[in-house]
Amino acid sequence: MKRLLANRERRFNLLLTLIILALSALFVLPLYWTTVFATRSLAEVFQFPPPLFYGDNIFQNFENIAGVYPPFRPIINSLAVAIPKTILLVFVSALAGYGLSRYTRAPGHKTLLLVSFATLFFPPSLALIPFFLQMSWIGWLNTYWPLILPAAASGFGVVWMYTYIGSTVPRELYEAAEMDGAKGIATFFFVVVPIIRPGLAALAVWTLVETWNEFQLPLVILGASEKFTVPLALTSLSTTHYSDMPAVMLATLMGLVPVFILFSLLSRQFIAGLTSGAVK
Amino acid sequence: MSDRASIAANIKRNSALYICVAPFLVLFALFSIFPVFFSAYLGFNHWDGFGEPVFVGLENYSRALGDPIFRKALGNTIFLWFWSTALTVGLALTLAVLVDSYVVFGRNYFRMVFLLPLLVAPSIAAIILRMFFTSNGGLVNLMTGAVTGTPSYFDWLGSEFWIKPLVVLLVIWRWTGWHMIIFLAGLQSIPRDIYEAARMDGVGRWAIFSRITVPLLIPSLAFSVITATLGGVQMFDEPFVLTQGTGGTNNSATTLGMYLYATAFSQFNFGLGAAVSWYIFAGVVTLTLIYQAALRRSRMGAQ
């Protein structure tokens, strides 16, 4: 009787697993189809049944898309925004997180910590219009500065680095560094940074992906199409009624490749980045 | 030593804190706090960005409320926020529980695969979804055409009814994996022996899920629902790209975020836009407070 039950349970679990497997296939399907379409010709795409496997039209599609759209420029633009912003954000966040987690007895520490946590609830839509006006006064419209410098102050990054440093760097290390005569900032660079490297990597991956995918702010800030980042360039390409679907899908695919390479290299850090925000 | 001297000494000893936090605080004050105050000022003024702002009191706020498109956008936003949050969180929770304790193979694969759509920008995901649902030659119409035998040219993206569910579908597709990871992390913090003890006592699967798993997952659930709500109430990218910036037939998918964008950046009515952003903010605050009250009640119930 007991064995029969266990058998039934095993079969039930196997069935569940297969259902989830099918669901996961459904989640991947749009991406898979994007890559299939990118390698097919326009005529093949409109056939029924639609092509299920890769074709050999990718070079023709590339030629077609290169005729109406600079295929590499948006990628270079996105990198020009995402890399400096990420470096700056990680640096600013780690430094603040270090200060907050080490100097807990400093006057005003509690207030500073509270302010940092409060920034997490800051709604970006509230600042959109005044930020745009502010940028136009400074003369930064249609430049990458508004996407890089202001975004480096991230409440999420600071709170995360604060908790991460608090849980990975033992306090005795600070005492030892102090006895050696190391100043606070020097301790950060030479003692703390080497220890928290995995945390820095996780925050960096997460920031890179977020920045790569950002749409609304670049839409407001960037007017000239030669400055467009990947999401903007692809969106404007798809609204021009350019009807060569495989060529558009190839451009889309090219815009996705950098993020997917990054993810395949650093997926562990990426997932660590997701869960670190969760309340423990 | 006097008190003041000791405080001064304390500040001096800890001065590194202020240096460390300064870059963050200065950037944040300049580019986030200042804009918020400026936005409050804008909300009470009529301004097109060129002449002098004219003080109009609460007119922007009442004008928004009187605009049928604003009210429609409000309704759309509530619909999109509610359904995208409920369905995404529900699906992710189910998947997380199943992957955590029922799945017989591929646990690591399942952890990864649902995350892949999150890497695709919302705007790009909308482009891909458009490819599936365009009226002429879209995959969905090809399929239905093949099944029914007559070619189908149904305009999903132009349909007032279907455009909102498509936006919800897009959110589910992108975000399920993220919520699932949050829940999996929460599930792993539940001690296994609680389950074993319950199973020994003959507690059924559903009772284990509803009486043990869910109550112990409440911190993760709260985090996930609040995050989904912050995104849902401010939703912009998905409906904007899916409707190519039009908001759909008769504004059937215009959200408050899109309304704000249109007033400010197409009509250059910055005052009205600022007022709308304060309505959005009020929505976020209200929902967060409601969640917190619910959270407190559920904690008291658990004790």
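Values in this text are rule-based calculations from the coordinates and carry no lab data. Small disclaimer: the values here were computed from a predicted structure and weren't measured. As a convention, Cβ positions derive from the backbone with ideal geometry for all residues, glycine included, and neighbour counts pool all protein chains shown.
Under 5 Å between amide hydrogens, which residues at least 5 positions from B:H46 or on another chain qualify, with H placed 1.01 Å from N in the peptide plane?
Residues meeting the criterion, in which the H sits 1.01 Å from N, are B:V54, B:F55, B:V56.
Can you tell me the FRET efficiency between A:E9 and B:I218 if r is taken as the Cβ-Cβ distance and R0 is 35 Å, rounded to the nearest 0.05?
It comes out at approximately 0.80.
Net charge within 13 Å of B:I124 by Cβ-Cβ distance, Lys/Arg positive one each and Asp/Glu negative one each, not counting B:I124 itself?
-1
Report the gain in length on full extension from B:S152 to B:A207: 0.36 nm times residue separation, minus Cα-Cα distance, nm rounded to one decimal.
Residue separation times 0.36 nm, minus the Cα-Cα distance, leaves 15.2 nm.
Suppose R0 equals 41 Å; then what is the FRET efficiency for B:I78 and B:A29 from their Cβ-Cβ distance, rounded to the nearest 0.05?
0.75
Tabulate in residue order the Karplus-calculated ³J(HN,Hα) for region B:228-236, using 6.51 cos²θ - 1.76 cosθ + 1.60 with θ = phi - 60°, rounded to whole Hz; enter x for Gly and Pro.
With coefficients 6.51, -1.76 and 1.60, one gets 4, 5, 4, x, x, 5, 9, 3, 9 Hz.
For Cα pairs less than 8 Å apart in space and 6+ apart in sequence, what is the mean separation divided by the residue count of chain A, i.e. the relative contact order in percent?
Relative CO of chain A lands at 29 percent.
With 24 Å as the limit, write out which pairs from A:K183/B:K12; A:K227/B:K164; A:K85/A:K227 have Cα-Cα distances beyond it, or answer none.
A:K227/B:K164
Treat the protein assembly as shown as a sphere of radius equal to its Kirkwood radius over Cα pairs and apply Stokes-Einstein at 25 °C in a medium of 0.890 mPa s; give the translational diffusion coefficient in µm²/s, rounded to a whole number.
94 µm²/s
Just grab the label-to-label distance for A:Y54 and B:E196, each label 7 Å out from Cα along the Cβ direction, in nm (one decimal).
For A:Y54 paired with B:E196, the spin-label model returns 4.8 nm.
Label points 7 Å out from Cα along the Cβ direction at A:S264 and B:S6: separation in nm?
6.3 nm
Quote the relative contact order of chain B in percent (integer), defining contacts as alpha-carbon pairs under 8 Å separated by 6+ residues.
Value for chain B: 27 percent.
If you take the beta carbon distance between B:F105 and B:A40 as r and set R0 to 56 Å, what does 1/(1 + (r/R0)^6) give as a FRET efficiency, to the nearest 0.05?
0.50
In degrees between 0 and 90, to the nearest 10, how far off the longest principal axis of chain A does helix A:230-239 point, with axes built from Cα atoms?
The helix A:230-239 is inclined about 30 degrees to chain A.
Quick check on packing: order A:38-47, B:284-293, B:168-177 by the mean number of other C-beta atoms within 10 Å, highest mean leading.
Highest to lowest by the protection proxy: B:168-177, A:38-47, B:284-293.
So how much slack lies between A:I83 and A:S136, counting 0.36 nm per residue of separation and subtracting their Cα-Cα distance, in nm?
Value of the extension gain: 16.7 nm.
What distance in nm lies between label points placed 7 Å from Cα along the C-beta direction at A:T143 and A:A186?
In this crude spin-label approximation the distance works out to 3.6 nm.
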